[in-house]
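The values are calculated or read from the model by the stated rules, or taken from the named source; none is laboratory data. Remember, predicted model here, so these are calculated numbers, not experimental data. Note that we place each Cβ from the backbone using ideal geometry, even for glycine, and neighbour counts take in every protein chain shown. Only protein heavy atoms, including side chains, enter the accessible area calculation; ligands, DNA and RNA are left aside. Shrake-Rupley method; radii C 1.70, N 1.55, O 1.52, S 1.80 Å.
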Amino acid sequence: PFTPIASRRDARRNAATITAHRLPPAALESLITARTFDLYDDPMPDVAALETYLGHTQSALMQLGAVILCGAEAARAAEVSGLAGVAYGAALLFAGRAPVRYLPQPWVQEGGEAAARLQLASHARQRLSEARAKLKALLPQALPAVLPASLTILDIAGGASQFRRQLTMWWAARNNRF
């Protein structure tokens, strides 16, 4: 149940975290604003809108993690976290059998829902490949922020047990990759 006292306490804790780690409020506001898409039944207009949505949600979370882990040096993680977040987000939409409204309408109109889902998986693989190509630019301490991207291929392949997911991320971290 909602209790005003708890919500104020949580708000204070969130504000303290934002301040302590110097998280950019604009990124948090963009994350919240992007999630308003989830509240309506409007279709995803195009691939650019999908990239923007995933960039402001999954990629933003990865970049905020990099800010916490790297401080001022986190800007070096921006491109990698952007690409990795889009890859992972697209894989999650694919694996979760997201409603058709999350699929870019040109893809749906071109070949139907099944073909659009395959294009989504292909898009995830492409962005993951691009992120991996830029891995050398990532500071080692920022790697944990983008490790969820190591699950992209598992999610596209149909998912895996929680143990397999944890093992995949551990292996990626141990080998300094994702």
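When the accessible area of the chain is computed with all protein chains present and a 1.4 Å probe, what percentage of it is carbon and sulfur? Don't jump to the answer; show the numbers that get you there.
Values: 5890 of 9960 Å².
Carbon and sulfur atoms account for 59 percent of the accessible area of the chain.
Would you mind working out the accessible area per residue for the chain, using a 1.4 Å probe, and quoting it in Å²?
Working: 9960 Å² over 178 residues.
Normalised by residue count, the accessible surface of the chain is 56 Å².
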Dipole magnitude (debye, nearest 20) for the range 4-159, charges at Cβ of Lys, Arg, Asp, Glu: 640
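Output the direction-averaged projected area (hull surface divided by four) of the convex hull of the alpha-carbon atoms of the chain, in nm².
11.5
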FRET efficiency, residue 19 to residue 141 (Cβ-Cβ, R0 22 Å, nearest 0.05): 0.55
Among 75, 170, 95 - extreme Cα towards positive end, dipole of the range 56-178, charges at beta-carbon: 170
Relative contact order (percent, whole number), the range 1-133, Cα cutoff 8 Å, 6+ residue spacing: 25
Inter-site label distance for residue 72 and residue 98 at 7 Å from Cα along Cβ, in nm: 3.7
Estimated distance in nm for a label pair at residue 27 and residue 161, the labels positioned 7 Å out from Cα along Cα-to-Cβ: 3.5
Separation in nanometres of the label points that stand 7 Å from Cα toward Cβ, at residue 48 and residue 8: 4.6
